[in-house]
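Novice: Handing you a structure now.
Only the coordinates and a few stated rules stand behind these numbers; no lab work does. Fair warning: this is a prediction, and the values are worked out from it, not measured in the lab. Neighbour counts run over all protein chains shown; Cβ positions are idealised from the backbone, glycine included.
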Amino acid sequence: MRRGAIGAMLAAMTAIAIYSAKGGVGKTTLAVNLAWASAVRSSRRTLLWDLDAQAAASFILATKAAKASAREVIERALDPDAAIVPTAIPRLDLLTADASIRGLDALFASLDKKKRLRRLMADLARRYDRILLDCPPGLGDTSDQVIRAANLIVMPIIPSTLSRRAYEEVRAHLGHQHKGVTPILPVFSMADRRRSAHRAAIAADPDWPVIPMASAAEEMADRHAAIGAYAPRSPVAVAVTQLWTAIERRLTR
Ligand SMILES: Nc1ncnc2c1ncn2[C@@H]1O[C@H](COP(=O)(O)OP(=O)(O)O)[C@@H](O)[C@H]1O
Ligand SMILES: [Mg+2]
């Protein structure tokens, strides 16, 4: 297929990657809740694509086991449909992850297809308005694929001077390698205003969205639900909805 043809197929759909080089910074929490906001608040046909072999998003939202392994989808041995399951949230489907994509960087490298993820998303673009990618941590072939496939990268950052520096480094690296084509939206994650280091970091970047630390966020795995479904008025749910609104505004601008 011609290069431009993939772009044409992708035109109607928007892909948002929740990415950081670090683990444990709130990627999955943001991905699940932003996907909920897309499907419920914006009534978008939404797909949450779990790209992390730890499969936390799949554990939270999957209503049944998928027919295919995540690896077979990446290899294009099977249609992505075989790994897509419905969620309990209207308009939200899930492309499940499992241990078969442990070492996803090596898998992408062995395939030698720089736009494999983009190609797979083009196949899905007719059926979904929004695809959210819950990314594994790391800076390698997977993040390269994500950058080529996404329209926007949302990067959760725990407020601190060192996290801020790490963000600058990752941004410089991605910008260097990909000519800065994919915009990055930094978001303070797990922010605790009782801590002076968090307050200082937030004061240094007052324009960045802030997702507060909250116990409601930790209940997602036990409740198998997005926060908006069980604690819609909690500060963390309100912050996620505000963030989603800002993302939508930015994408449709
Ligand atoms: N805003 C938050 N408030 C409280 N706990 C959070 C928040 N965001 C994430 N967590 C918790 O922090 C841990 C790591 O979050 P997770 O979203 O899995 O990060 P990642 O996907 O980047 O590894 C999880 O136990 C999660 O429940
Ligand atoms: Mg995760």
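Novice: Which helices of the chain meet both criteria: a Cα extent of 15 Å or more along the helical axis and a mean Kyte-Doolittle score no lower than -0.5, with helices taken as whole DSSP H segments? Spell out each step's value before the answer.
Specialist: Values: long enough: 161-178 (25 Å, -1.19); 235-252 (26 Å, 0.53).
Sorted by number, the helices that extend far enough and score high enough are 235-252.
Novice: Let me ask something else about it. Jot down the radius of gyration and Dmax of the range 3-252, Cα atoms only, both in angstrom.
Specialist: 17.1, 51
Novice: If you add up the charges near residue 68, with Lys and Arg at +1 and Asp and Glu at -1, over every other residue whose beta carbon is less than 12 angstrom from its beta carbon, what do you get? Let's see the in-between values first.
Specialist: Numbers: positive: 67, 71, 76; negative: 72, 75, 79, 81, 98.
Spelling it out: positives minus negatives among the neighbours equals -2.
Novice: Please compute the modelled spin-label separation between residue 11 and residue 65, points set 7 Å along Cα→Cβ, answer in nm with one decimal.
Specialist: 4.2
Novice: Along the Cα-to-C-beta direction of residue 250, a point sits 7 Å from the Cα; which residues of the range 7-32 have their amide N less than 19 Å from that point?
Specialist: Zone members listed by number: 13-22, 25-32.
Novice: Could you please report the charge total around residue 145, scoring K, R as +1 and D, E as -1 over all other residues with beta-carbon less than 13 angstrom from its beta-carbon?
Specialist: Numbers: positive: 113, 114, 115, 116, 118, 119, 148; negative: 105, 112, 141, 144.
Residues near residue 145 contribute +3 overall.
Novice: Would you mind calculating the relative contact order of the range 3-252 from Cα pairs under 8 angstrom and at least 6 residues apart, reporting the percent as a whole number?
Specialist: Numbers: 452 pairs, mean separation 64.6, N = 250.
Worked out over the range 3-252, it gives 26 percent.
Novice: Let me spell out the model: positive unit charges on the Cβ of Lys and Arg, negative unit charges on the Cβ of Asp and Glu, origin at the Cα centre of the range 3-252. What dipole size does that give, in debye rounded to 20? Display every interim value, and only then the final one.
Specialist: Numbers: 34 positive and 24 negative charges, 120 e Å.
Computed about the Cα centre, the dipole is about 580 debye.
Novice: What does DSSP give for the chain in terms of the percent of beta bridges that are antiparallel, rounded to the nearest 5?
Specialist: Numbers: 3 of 27 bridges.
Just about 10 percent of them are antiparallel.
Novice: Let's test the formula: R0 of 30 Å, r as the Cβ-Cβ distance of residue 203 and residue 169. What FRET efficiency results, to the nearest 0.05? Walk me through the numbers on the way to the answer.
Specialist: On the way: r = 22 Å, r/R0 = 0.72.
For residue 203 and residue 169, the calculated efficiency is 0.90.
Novice: Go through 32-39, 217-224, 199-206 and give me the packing order, highest mean Cβ count within 10 Å leading.
Specialist: 32-39, 217-224, 199-206
Novice: Right, here's the next one. Would you calculate the volume per residue, in Å³, of the smallest convex hull containing every Cα atom of the range 115-247? Can you show the working numbers first?
Specialist: Values: hull volume 17.7 nm³, N = 133.
With only Cα atoms used, the range 115-247 gives 133 Å³ per residue.
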